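A short write-up of the structure that comes next.
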Amino acid sequence: MPELPEVEVTRLGLRPFLNLTVSGLVIRNYSLRWPIDSELPKILKNQILLDLTRRGKYILAKFTSGTLIIHLGMSGRLCIVSSEETLNKHDHVDIKFKENNLILRYRDPRRFGSILWTDNDPLKHKLIKNLGPEPLNDEFDAKYLFSRLRNKEQCIKNTIMDSHIVVGVGNIYASEALYYSGIRPQRRSKKVSMKEVDSLVKAIKNVIKEAIRKGGSTMSDFFDVNGKNGYFQNEHRVYGRENNACIKCQFLITQIKLGQRSSFYCKKCQK
């Protein structure tokens, strides 16, 4: 599943479409996680793409009279293609632009993604309005996170993956941040000290910044809008490295299940 860095890499890659005008919309499959509005081709025609922002894992494409809220789900991706590009059987939506013969194509084998239209403030949409702070914003700091952990019995990894606590810290980056901060993923949230929380917040910010800089992690089927792999997976210290030696201490990395997700950590470096 694309996590926040992969979504941000996608958003940045879409900038060639800014200030272009939609000439048409082709919908080959309306059945995503939520059905695509059948009126969307009429709504989008002749509208200009004014801005591209992101909230959590949602890309917000602001047009002249409203916003497309796009979520990539488990396997979705947005591609920049030309009209001559061969169709893939999972190519469900094309947004065609008048200029430069460019098409923004949505491809999604599992169809768990979504493309929703709103005429209103997208930040007040029911899917977005209750999200926690962005991990790279100043609002997300040690004082804030410690206040959210004090009474929580659940494990720290599941807490930092809760989008109501902080958005976009998915399975890969939670594992990596906990490694850098020396905290075991199964530790109870309320047992993490303020000093450790400070280290964890810094690790989350650093890991996500570096992942964005390196194009995200391509673990299975993530590619950017131009079909290129990310390469942050080459920097993973624990994720996907079970039974490999820890970079710091050479102890073997352990894999466990937490909340039905694989978690990776070093028993010696993480306490």
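What the phi angles of the stretch 189-206 give under the Karplus curve with 6.51, -1.76 and 1.60, with θ = phi - 60°, is a coupling list of 4, 6, 8, 8, 6, 4, 4, 5, 4, 4, 5, 5, 4, 4, 5, 4, 4, 5 Hz, glycine and proline written as x. For the pair Lys205 and Arg15 in one chain, pulling the backbone fully straight at 0.36 nm per residue adds 66.0 nm over the alpha carbon distance.
Largest GNM mean-square fluctuation among Tyr30, Tyr58, Tyr106, using the chain with Cα springs under 10 Å: Tyr30. When the charge dipole of the chain is built from unit charges on Cβ atoms (+1 for Lys and Arg, -1 for Asp and Glu) and taken about the Cα centre, the candidate among Ile69, Asn206, Leu258 whose Cα reaches farthest toward its positive end is Leu258. Residues in the stretch 247-263 carry Karplus couplings, in order, of 4, 7, 10, 6, 5, 6, 5, 9, 10, 9, 10, 10, x, 6, 10, 6, 10 Hz; the curve used is 6.51 cos²θ - 1.76 cosθ + 1.60 with θ = phi - 60°, and Gly or Pro positions show x.
Taken as Cα centroids, the stretch 105-168 and the stretch 51-78 sit 14 Å apart, rounded to the nearest whole angstrom. Over the stretch 142-265, Cα pairs under 8 Å with separation of 6+ residues give a relative contact order of 23 percent. Applied to the stretch 128-140, the Karplus parametrisation 6.51 cos²θ - 1.76 cosθ + 1.60 on θ = phi - 60° returns per-residue 3J(HN,Hα) values of 10, 4, 9, 6, x, x, 6, x, 8, 7, 5, 4, 8 Hz, with x for Gly and Pro.
What relative contact order, as a whole-number percentage, does the stretch 28-160 give when Cα pairs under 8 Å and 6 or more residues apart are counted? Before the final figure, lay out each step's value.
Details: 187 pairs, mean separation 32.4, N = 133.
Rounded, it is 24 percent for the stretch 28-160.
For the stretch 4-124, what log10 I(q)/I(0) values come out of the Debye formula at q = 0.17, 0.20 1/Å, with one point per alpha carbon and no solvent? Taken in order of the listed q values, log10 I(q)/I(0) reads -0.81, -1.20.
State the volume of the convex hull built on the alpha-carbon positions of the stretch 142-265, expressed per residue in Å³ and rounded to an integer.
Values: hull volume 13.5 nm³, N = 124.
With only Cα atoms used, the stretch 142-265 gives 109 Å³ per residue.
Under a GNM of the chain (C-alpha, springs under 10 Å), which listed residue has the highest mean-square fluctuation: Glu176, Glu139, Glu85? Highest fluctuation among the options: Glu85. Going 7 Å from the Cα of Ser31 toward and past its Cβ, which residues in the stretch 96-129 have a backbone nitrogen under 19 Å from where you end up? Within reach of a label on Ser31: 106-116. Pairs of Lys residues in the stretch 1-110 are counted when their Cα atoms are under 15 angstrom apart and they lie 8 or more places apart or on different chains; the count is 4.
Laboratory data are not the source of any read-out in this text; all were calculated from the coordinates shown. Predicted model, so just to flag it, every value in this text is computed and none were measured. All Cβ positions, even for glycine, are placed from backbone atoms using ideal geometry, and neighbour counts span all protein chains on display.
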